Amino acid sequence: MSLEAKRTLIYAFLKFLRDELKQENIAPDFKESLEVASQCLESSYEIAVDDEICKNNFDSGIDLLSIAEKSVIKKELPADLKEKADKHKTEGNELMRQEKFQEALEQYNKAIEIDKSNAVYYCNRAAAYSKLSDFVSSIEDCKNALKIDPSYGKAWGRLGLALLSNNQFEEAYEAYNKAIQLEPNNEGYKQNLKIVEEKLKNTNPTGLPDMSQFGNMMSMFNNPQFMNMATQLMSDPHMQNVMSNLVGSMFGGAQTGEQTSEATGSNPEAQNAGFDSILNSAQQWAQQMNQANPDLIRQMRERMNLGNNPGPSSSSNDQSKEPQN
């Protein structure tokens, strides 16, 4: 292909991009991407769509969009198969309402087996995966839905939810922003975006352990009930033996660095046995405390719960039991 032919083609493509930029309600990031694409093409081929000389030499009158529309291969699903797929989807929605998420997933699988071009089926299956805490599969299905329909707001919202649940906060931030651009009145998306922003704010960029909850643990030692229970437990000969084993497993064998290295450094089985002993002793201690005062242990767990931030909003469509598609 000659350079002149290439520049004629590029000019036609630049006209298409210019027309796209004139569309109403175009998303800001999409508009920016189109502008960058136009600038790159103009720079690479030294051509400008608004330049009179370029127009006289390279405007062939070709309408790329019209040619593309005539070339689109429309795969129409037979009516009986479409009805069958929709029936599986509807049954899946009903099962979601009943909180039978695994059964719903199976129905969505059947719908997708029949029609792999329906974004709604993938989006609904993503909701089922999220309910089953399979967030990786949920993310994948949301992305599949968006490959078919990039303007599908609910798919962006469910993608945000799955990413948030999978602790992928930066990606969740982008997904929820996309969802809000497409559905600006969806309060659920806005609430969940605030949660994502809070997560990003609290993310420790240094990579050091997050000590923000250390105060919760220390506050237990100011609890008279906890200290009284601990004192009683430690007066028990059995618990004294458990704690002795625990401390001994952790420190007793390490008289010197050289001795420790000789004893365990070249013997992974010995190291694993030491860890098992520590875990076993710790578990015995925890069980004793739980038996002595289960209510206090419950309070301790609540104090040490790392999930102090509110969970994702359940009021938006991306969290509902029924996908509603």
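Taking only segment 177-189 into account, find how many residues are touching a residue at least 12 places away in the same chain (Cβ under 8 Å) and either within 27 Å of ALA111 (Cα to Cα) or open to solvent by 60 Å² or more (accessible area, probe 1.4 Å) (or both).
Going through segment 177-189 one residue at a time, the tally reaches 6.
Can you confirm whether segment 71-85 contains a residue that is open to solvent by less than 100 Å² (accessible area, probe 1.4 Å), closer than 30 Å to ALA12 by Cα and in a helix (DSSP H, G or I)?
Scanning segment 71-85 turns up at least one residue that is open to solvent by less than 100 Å² (accessible area, probe 1.4 Å), closer than 30 Å to ALA12 by Cα and in a helix (DSSP H, G or I).
Can you tell me which residues in segment 16-36 are in a helix (DSSP H, G or I) and open to solvent by less than 40 Å² (accessible area, probe 1.4 Å)?
LEU17, LEU34
Output yes when any residue across segment 86-98 is assigned to a loop (DSSP other than H, G, I, E, B), open to solvent by 90 Å² or more (accessible area, probe 1.4 Å) and not basic (Lys, Arg), and no when none is.
no
Among the numbered criteria (1) among the acidic types (Asp, Glu); (2) under 28 Å from GLN181 (Cβ atoms); (3) open to solvent by less than 60 Å² (accessible area, probe 1.4 Å), which one does ASP59 miss?
Failed condition: (2).
When you scan segment 164-176, how many residues do you find that are part of a helix (DSSP H, G or I) and surrounded by fewer than 20 Cβ atoms within 10 Å (Cβ to Cβ)?
The number of residues fulfilling the criteria is 6.
Would you point out the residue of segment 1-15, among those that are small (Gly, Ala, Ser) and closer than 18 Å to LEU64 by Cβ, that is surrounded by the most Cβ atoms within 10 Å (Cβ to Cβ)?
The selected residue is ALA12.
How about segment 121-159: which of its residues are of a type in the set (S, T, N, Q), part of a helix (DSSP H, G or I) and surrounded by fewer than 24 Cβ atoms within 10 Å (Cβ to Cβ)?
Within segment 121-159, SER137, ASN144 meet the criteria.
The values are calculated or read from the model by the stated rules, or taken from the named source; none is laboratory data. Being a predicted model, the structure only gives us computed values, none of them experimental. Cβ atoms come from the backbone with ideal geometry, glycine included; neighbour counts cover every protein chain shown. Please note that ligands, DNA and RNA were not included when accessible areas were found on the heavy atoms of the full protein model with its side chains. Shrake-Rupley method; radii C 1.70, N 1.55, O 1.52, S 1.80 Å.
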